[in-house]
Structures are given as structure tokens and as C-alpha cells.
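Trainee: Dumping the structure here so I can ask a few things about it.
The values are calculated or read from the model by the stated rules, or taken from the named source; none is laboratory data. Nothing here was measured: the structure is a model prediction, and the numbers come from that model. Backbone-built Cβ (ideal geometry, glycine too); neighbour counts: all protein chains shown.
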Amino acid sequence: MFWEAVQAVSAWAIPVLLVAIPVYGYARGVRVYEAFIEGAKDGFAVGVQILPYLIAILAAISVFRESGAMNGLVRLLAPVLDRAGIPGEVLPLALIRPLSGGGAFGIMTDLVHRWGPDSFVGRVASVMQGSTDTTFYILTVYFGSVGIRESRHALPVGLIADAAGLLVSVIVVRAVFGP
């Protein structure tokens with residue numbers, strides 16, 4: 001009964017919002033279509049403005065992966081990770097996730113296909129994908145698009161949060177599913 005209600009709500013949530021928001025705006029006297037067009041223009045302008053930042057971060061990710069530096073780092077850190085109970089297979093995901101959501105999703109998909117969705121590695125990768133963020137992407141693209149040049153504490157805090165996401169992913173998967 002409960003799950004049927006959840007499924008019904010999830011099936012109708014987006015269509016209801018797509019109708020309710022413009023109707024609400026119209027009822028409040030907003031010229032909905034004109035506001036939409038103005039927002040689309042602004043969005044396009046922001047997209048053009050952030051394009052150089054996006055190209056730079058994607059190029060850096062490609063160089064890091066294709067040069068073999070990621071594989072070398074994984075091999076170097078494997079003994080430390082094993083002692084900490086962190087599967088070394090998820091390290092590429094932990095390294096790419098702060099840089100690129102799409103790249104991290106590709107790595108997570110590969111891990112799930114290779115190890116299986118119900119494996120320890122697959123579960124840790126899935127939880128990590130959902131509990132960490134694209135720190136460098138946010139700093140370069142979002143901060144750059146609004147003109148923030150001095151990020152000061154944002155980078156260390158974002159990286160600490162990503163490290164915490166990795167550790168907590170392992171802890172939660174062990175606690176819920178066992179070793």
C-alpha cells in the first residue's frame with residue numbers, strides 16, 4: 001500500500017509541477033511566457049560564459065586519466081586503502097567525482113558492471129556517487145559564472161566533504177550490508 005502511494009506520487013510529481021508552476025505564476029499576475037523566454041536568454045548567456053571553464057576541466061580530466069596517472073596513484077595508495085578497509089577499486093571514482101559528475105558516473109557504471117550491483121565495491125560506488133559532489137566543477141563553473149574569484153575556504157571544505165563522503169560510504173555499506 002505504502003509503496004503504491006510512493007510510486008503514484010513519483011509518477012505524477014513532475015507533470016503536476018510542470019502545470020502547477022505556470023498556473024500559479026499566471027494567477028499571481030506574472031507574464032509566464034515572457035518570463036520563461038527571458039530566463040532562457042539568461043541561461044544561454046551563462047552557458048556561453050561558462051564554456052571555457054567547462055572545456056578546461058574536461059581537458060584536465062582526460063589528461064589525468066589517459067596519461068596513466070590515475071592508475072599509478074591507485075597502485076600507490078592501494079596498501080593504505082586496504083588497511084583502512086576501503087576497496088582500492090573505488091579510488092578512481094573518489095578521484096574523478098570532485099572533477100566531473102559525468103566522468104564519475106561512467107566509472108561507477110563500470111564498477112557496477114564489473115563487480116555487480118550487490119557487491120561491496122558496487123554498493124560503495126553507488127553510495128559514494130550519491131553522497132559526494134563535483135567540487136572542482138562547482139568552483140570553476142558556478143563560481144566562474146557569477147564572477148567569484150576568491151573561493152578561499154570553498155575548496156578545502158569541498159574536498160573534506162568529498163573525503164567524508166568516501167569514508168561514510170564505506171562505513172554505511174558495511175553497517176547495512178556487512179563486509
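Trainee: Which of the residues that make up segment 95-107 are in a helix (DSSP H, G or I), within 11 Å of the chain's Cα centre (by Cα) and surrounded by 22 or more Cβ atoms within 10 Å (Cβ to Cβ)?
Mentor: Here is the first cut: in segment 95-107, the residues in a helix (DSSP H, G or I) are 95-96, 101-107.
Add one more test, that the residue is within 11 Å of the chain's Cα centre (by Cα), and what stays is 96, 101-105.
Hits for segment 95-107 are Ile96, Gly103, Ala104.
Trainee: Can I ask one more? Touching a Ser or Thr at 6+ places or on another chain (Cβ under 8 Å) and aliphatic (A, V, I, L, M), is that true of Ile57?
Mentor: Working: touching a Ser or Thr at 6+ places or on another chain (Cβ under 8 Å): yes; aliphatic (A, V, I, L, M): yes.
So Ile57 fits the description; yes.
Trainee: Name the pairs whose Cβ atoms lie under 8 Å apart, with the first residue in segment 52-76 and over 26 Å from Val141 (Cα atoms) and assigned by TED's automatic domain parsing to the domain that holds Phe105, the second among the small types (Gly, Ala, Ser) and in a helix (DSSP H, G or I), and 6 or more positions between them or separate chains?
Mentor: Listed by first residue and then by second, the contacts come to Val74/Gly88.
Trainee: Go through segment 14-51 and give me each residue that's closer than 20 Å to Thr134 by Cβ and surrounded by 11 or more Cβ atoms within 10 Å (Cβ to Cβ). Give the steps one after another, and end with the answer.
Mentor: Residues of segment 14-51 closer than 20 Å to Thr134 by Cβ: 43, 46-47, 49-51.
The answer is Val46, Gly47, Gln49, Ile50, Leu51.
Trainee: With the structure loaded, tell me whether Pro92 is under 17 Å from Thr134 (Cβ atoms), in a helix (DSSP H, G or I) and in contact (Cβ under 8 Å) with a residue 12 or more places away in the chain or whether it fails that test.
Mentor: Numbers: under 17 Å from Thr134 (Cβ atoms): yes; in a helix (DSSP H, G or I): yes; in contact (Cβ under 8 Å) with a residue 12 or more places away in the chain: yes.
Against the criterion (under 17 Å from Thr134 (Cβ atoms), in a helix (DSSP H, G or I) and in contact (Cβ under 8 Å) with a residue 12 or more places away in the chain), Pro92 qualifies.
Trainee: Here's something else I'd like to know. Exactly one condition in (1) surrounded by 21 or more Cβ atoms within 10 Å (Cβ to Cβ); (2) under 19 Å from Leu77 (Cα atoms) is false for Gly165; which is it?
Mentor: Here Gly165 meets the rest and fails (1).
Trainee: If you don't mind, another one. List the pairs whose first member sits in segment 10-28 and is without any contact (Cβ under 8 Å) to a residue 40 or more places away in the chain, whose second member is part of a helix (DSSP H, G or I) and aliphatic (A, V, I, L, M), and whose Cβ atoms are under 8 Å apart, counting only residues at least 6 apart or on separate chains?
Mentor: Filtered contacts from segment 10-28: Pro22/Val32; Gly25/Val32; Gly25/Ala35; Tyr26/Val32.
Trainee: Kindly indicate which of Phe143, Phe120 is assigned by TED's automatic domain parsing to the domain that holds Val48 and at pLDDT 90 or above. Before the answer, list the steps.
Mentor: Numbers: Phe143 fails: at pLDDT 90 or above.
Checking each option against the conditions leaves just Phe120.
Trainee: If you go through segment 119-142, how many residues are touching a residue at least 40 places away in the same chain (Cβ under 8 Å), more than 18 Å from Ala56 (Cβ to Cβ) and out of contact with any helix residue (DSSP H, G or I) (no Cβ under 6 Å at 6 or more places or on another chain)?
Mentor: 1
Trainee: In segment 138-162, which residue that is exposed (fewer than 14 other Cβ atoms within 10 Å of the Cβ) and aliphatic (A, V, I, L, M) is farthest from Gly47 (Cα to Cα)?
Mentor: The first filter runs over segment 138-162 and keeps only residues exposed (fewer than 14 other Cβ atoms within 10 Å of the Cβ), leaving 146-150, 152-153, 156-157, 159-160.
Now drop any that are not aliphatic (A, V, I, L, M), which leaves 146, 148, 157, 159-160.
Values: Val146: 12, Ile148: 16, Val157: 26, Leu159: 25, Ile160: 29 Å.
Ranking the candidates gives Ile160 first.
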